[in-house]
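Some notes on the structure that comes next.
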């Protein structure tokens, strides 16, 4: 389900300046066979690796990634959180891009203009993300721009996410038949299954992730939830998580003992190795806002290994929050997070009054059956990807490719399929109220944009 924001702009090349360095990468996406949860299955690798390689760049770099499709179906790669300024056709979703056909390639070109932070990439078509194809993105500060905390001794990237032992084509068939996928088979951390903390829940022989650290040092953990549907609670046994960044914005710094990371979200924590260094510690990512007794198997466990450790981690896992029946508990953490930017009247440049901002309320309801299949909807509309990508339709003046009639509030009418998009104004401001009336936690993402949360 996609909510597309259409902004009428002319097609210009990405602004690149001689002083801004360029990086050139090749991504070859192919199938490999792995058994992350002990069951052999086909996963999507990038350059033969699962997860894929890190894209490590610096503010204002020009990024060129030549993506080779070695799969047996169409492919698009998307870079959520990267602000696609005046080049939305590089964002890798069907609304703006033509797919890369099997045995073909396409080079994405974009600039990480004025950006920093932790992100990840993944394939956006055909539920392929459920089989892999994802990897981390790090955008570093330029040397002349100080970070608002002492430089950590090293960066550690963790990609956590729910995982099924069926591949994405089988999962897609289940969804298209109108059935739900059900409970995931587990949680992976950096593409690996859980440490055998429980001999009943975790079979023998599972490869798990080990993070090697030195006593007294401080590390920046960049944690990304790359899963498909499950909110996860992240924690490191005995260690505080000092939150410092979320998806490109430095935050006010505060300590947490555990932290909820919803699907698609990325956070940075500073973690100091200040515990008893003679033993190992658990790193845990477990399913959140579910019945944890039933969902106990949906838990990823890695090991934090001190360089002078004398023994393995042992005993029960650190306890997760137990407030799933408190409907407001989901809001306590995000309400406590504040970034250094302040949304104010002065932030709006030429817009000095709220009345100058376009408003839209979008209501998400439980999936309904439309034309024989269960579909997700926003304001009663289940989006149909256009035959001609929207930007290409604009360029070639293709009529009827989409409609600028997305309703600005929910209507009491029969849900239907359509190509309705929100009509916005270039350089204007828009306020979108996201109203989740579904029975499950929802993550909303706006491709190619950053936004202020104002309420």
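The values are calculated or read from the model by the stated rules, or taken from the named source; none is laboratory data. This is a predicted model, so every value here is computed, not measured. For neighbour counting, all protein chains shown are included, and Cβ atoms are generated from backbone atoms with ideal geometry for every residue, glycine included.
Just a few scattered comments:
- Condition check for residue 191 on (1) surrounded by fewer than 15 Cβ atoms within 10 Å (Cβ to Cβ); (2) under 22 Å from the mean Cα position of the chain (by Cα): one failure, at (1).
- Annotation: residue 226 fulfils all but one of (1) out of contact with any helix residue (DSSP H, G or I) (no Cβ under 8 Å at 6 or more places or on another chain); (2) modelled with pLDDT of 95 or more; the unmet one is (1).
- As a summary of the residue check, residue 182 satisfies the conditions (1) in contact with a strand residue (DSSP E or B) (Cβ under 7 Å, 6 or more places away or on another chain); (2) under 30 Å from residue 369 (Cβ atoms) except for the one numbered (1).
- Test: residue in the stretch 364-373 that is in a loop (DSSP other than H, G, I, E, B) and either on the phi < 0 side of the Ramachandran plot or at pLDDT 90 or above (or both): no
- Residue 382 vs. criteria buried (at least 16 other Cβ atoms within 10 Å of the Cβ), under 22 Å from residue 429 (Cα atoms) and either touching a strand residue (DSSP E or B) at 6+ places or on another chain (Cβ under 8 Å) or modelled with pLDDT of 85 or more (or both): no
- Within the stretch 414-430, considering residues that are modelled with pLDDT of 85 or more and farther than 19 Å from residue 401 by Cβ, the one nearest to the chain's Cα centre (by Cα): 415
- Only one of 23, 57, 67 that is touching a strand residue (DSSP E or B) at 6+ places or on another chain (Cβ under 6 Å), assigned to a strand (DSSP E or B) and crowded, with 21+ Cβ neighbours inside 10 Å: 67
- Residue within the stretch 100-110 that is out of contact with any strand residue (DSSP E or B) (no Cβ under 6 Å at 6 or more places or on another chain), touching a residue at least 60 places away in the same chain (Cβ under 8 Å), surrounded by fewer than 16 Cβ atoms within 10 Å (Cβ to Cβ) and assigned to a loop (DSSP other than H, G, I, E, B) present: no
- Among the numbered conditions (1) surrounded by fewer than 20 Cβ atoms within 10 Å (Cβ to Cβ); (2) within 27 Å of residue 218 (Cα to Cα); (3) within 19 Å of the chain's Cα centre (by Cα), the only one that residue 160 does not meet is (1).
- Filter result (more than 19 Å from residue 443 (Cα to Cα) and either part of a loop (DSSP other than H, G, I, E, B) or assigned by TED's automatic domain parsing to the domain that holds residue 267 (or both)) within the stretch 72-91: 72, 73, 74, 76, 84, 85, 86, 87
- Any hit, the stretch 392-407, residues being loosely packed, with under 15 Cβ neighbours inside 10 Å, assigned to a loop (DSSP other than H, G, I, E, B) and touching a residue at least 24 places away in the same chain (Cβ under 8 Å): yes
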